[in-house]
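Notes for the one structure printed next.
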Amino acid sequence: MSISNYLYGRMEKGLQKIISNGKDTEGNVGSPIKKDESANLTFAVWGDPQVSFISPLRSARVYRAVNDLKNADSLDALVLCGDITEYGTECEYRFVKRLLDELGEGVGRIFAVTGNHDVRLRNYKKQVKRFQNFISSLEKGDTDFGDSYYYTRDVNGYRFIMMGTDRSTFEAAYISDKQLERLKKDILSAPDEKPVFVFNHQALKHTNGLPKTFLGKGKWRGSVGRESDKLKSVLSVRKNVFYITGHLHYCTSEYTYEDCGNFKALSVPTVGVINHGEFKTMTQGYVISVYGDKTVMRSRVFGEGKYAPESVPNSYIEVAL
Ligand SMILES: [Fe+2]
């Protein structure tokens, strides 16, 4: 048996053990997500599943979160905001596929960007291929990529732009001028002045509570890195751009949402790992609904099948368009 198959088998056994104990996998004790039919688009965003052969608990949290979406009125999409896996290994991606393929009709399409954990240990081209193979292997995944991590799709007439590092970096990202130009072009050519959703793993410098929300270490740490200012000016080229990120493992809080003028920055908590901050509940993410005149973002504890309490800052965010 290959090491990859052996580790995959261990991951399955670890998850089954937790399921059979009846712990951490029940979920759905609250109310399933009800889609507002007057919304033009409704999708879920998860940060950092970070599924790994070193932690069956992470698999169990994603399993619970998947159960919540299975019970939902079918959402238009699920977006994973990077750090899909801990080490970017083939068996970890295969296990994420095993979890996400349980979604059934729960979501229409799945999109994903890479995180530093996905890319850091391997040759760039090899890992790009592995990541693309992962996405196109998903029942609700996508195909037809170029030779990089970034790609753009339209969902219900709204533009979704996936970003990704152009080098194998360890913690920040490297965003090439080529990618920035493409980003600008795709933002400016988005349909009918509608909001545009840009997904990347890392937030910009000095936004969403950085550096405090990355435990206060270093001036740039936790952010996208050197290209942060350039990226900021590209995100500002048009109104109603939503820049949605993960990476910080920080709970829904006063830092989660920041109005940066033309663009709005949403930092999504982790669905698979422990969140820092006050509202530590596991399996957090967001459900986003887009209407003709507003975008509504609600923090959800997917593993418990309920929205975050109103008392939590930024549990409900409404942005007029
Ligand atoms: Fe990360």
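The numbers here are math on the coordinates, done by the rules we state, and not lab data. Keep in mind it's a predicted model, so treat the numbers as computed, not measured. As a convention, Cβ positions derive from the backbone with ideal geometry for all residues, glycine included, and neighbour counts pool all protein chains shown.
Take the Cα pairs of the range 145-278, get the Kirkwood Rh, then feed it into Stokes-Einstein at 10 °C and 1.306 mPa s and tell me D in µm²/s.
Details: Rh = 15.1 Å.
Translational D for this selection: 105 µm²/s.
For the range 173-321, what is the percent of antiparallel DSSP beta bridges, rounded to the nearest 5?
Details: 18 of 29 bridges.
Expressed as a percentage, antiparallel bridges in the range 173-321 total about 60.
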Revision key, fill the gap. From DSSP H assignment alone, runs of 4+ in the chain each adding -39500 (n - 2.57), the sum over residues rounded to the nearest 500 puts [θ] at 222 nm at -8000 deg cm²/dmol
Revision key, fill the gap. Non-local residues with an amide H under 5 Å from the amide H of Val51, with H modelled 1.01 Å from N and Pro and chain starts lacking one, are Thr85, Glu86
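At 0.36 nm per residue, minus the direct Cα-Cα distance, what do Gln16 and Ser136 gain on full extension? Give it in nm, one decimal, please.
Details: separation 120, 0.36 × 120 = 43.20 nm, distance 2.61 nm.
Gain in length upon complete extension: 40.6 nm.
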Check your understanding: Among all the aspartates and glutamates, which ones have a C-alpha under 18 Å from Lys232's C-alpha, if same-chain residues fewer than 8 places away are not counted?
Key -> Asp166, Asp177, Glu181, Asp186, Glu258, Asp259
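Can you give the percent of C-alpha pairs in the range 30-181 whose distance is more than 21 Å?
Working: 4987 of 11476 pairs.
Result: 43 percent of Cα pairs exceed 21 Å.
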Exercise for review: Multiply the residue separation of Arg221 and Cys260 by 0.36 nm, subtract the distance between their alpha-carbon atoms, and state the gained length in nm to one decimal.
Suggested key: 12.1 nm
Exercise for review: Please give the FRET efficiency for Lys35 paired with Lys239, using the beta carbon to beta carbon distance and R0 = 25 Å, rounded to the nearest 0.05.
Suggested key: 0.45
Check your understanding: Taking a 22 Å limit on the Cα-Cα distance, which of the listed pairs Lys184/Lys219; Lys35/Lys140; Lys97/Lys280; Lys125/Lys264; Lys194/Lys264 fall beyond it?
Key -> Lys184/Lys219; Lys97/Lys280; Lys125/Lys264
Revision key, fill the gap. The rounded separation in angstrom of the Cα centers of the range 58-123 and the range 196-254 is 21
Point to revise | Cβ-placed point charges (K, R +1; D, E -1), dipole of the range 77-196 about Cα centre in debye, nearest 20 | key: 360
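At most 15 other Cβ atoms within 10 Å plus a DSSP loop assignment makes a site exposed; report the longest stretch of the chain without any exposed GluC sites (Glu not before Pro).
Working: sites that count: Glu26, Glu37, Glu139, Glu254, Glu278, Glu310.
It runs 140-253.
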Revision key, fill the gap. Most exposed to least, judged by fewest other Cβ atoms within 10 Å, His117, His247 sort to His117, His247
Study note, to complete from the structure: Applied in sequence order to the range 231-245, the curve 6.51 cos²θ - 1.76 cosθ + 1.60 (Karplus, θ = phi - 60°) yields integer Hz couplings, x standing for Gly and Pro, of 4, 4, 5, 5, 5, 8, 6, 8, 6, 6, 9, 10, 9, 10, 9
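Would you order Leu321, Leu183 from fewest to most other beta-carbon atoms within 10 Å of each residue's own beta-carbon? Write down the numbers at each step before the final one.
On the way: Leu321 13, Leu183 23.
Lowest count first: Leu321, Leu183.
What Kirkwood hydrodynamic radius do you get for the range 40-320 when you take the inverse of the mean 1/r over all pairs of distinct Cα atoms, in Å? Let's see the in-between values first.
Details: mean 1/r = 0.0548 Å⁻¹.
For the range 40-320, the Kirkwood estimate is 18.2 Å.
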Point to revise | Residue order, fewest to most beta carbons within 10 Å, for Cys251, Cys81, Cys91, Cys260 | key: Cys260, Cys91, Cys251, Cys81
Practice item. With only Lys, Arg, Asp and Glu charged, each at its Cβ (+1 for the first two, -1 for the last two), find how big the charge dipole of the chain is about the Cα centre; round to the nearest 20 debye. Key: 940
Review point. Counting DSSP beta bridges with both partners in the chain, what percentage is antiparallel, nearest 5?
Key: 55
Review point. Which one of Asp36, Asp293, Asp101 has the biggest mean-square fluctuation once the chain is modelled by GNM with Cα springs under 10 Å?
Key: Asp293
Check your understanding: Which of the trypsin sites (Lys or Arg not before Pro) found in the range 1-93 are in a DSSP loop and have at most 11 neighbouring Cβ atoms, other than their own, within 10 Å?
Key -> Lys23, Lys34
Point to revise | Signed unit charges on C-beta, dipole axis of the range 164-241, positive-most listed residue Gln202, Gln179, Asn240 | key: Gln202
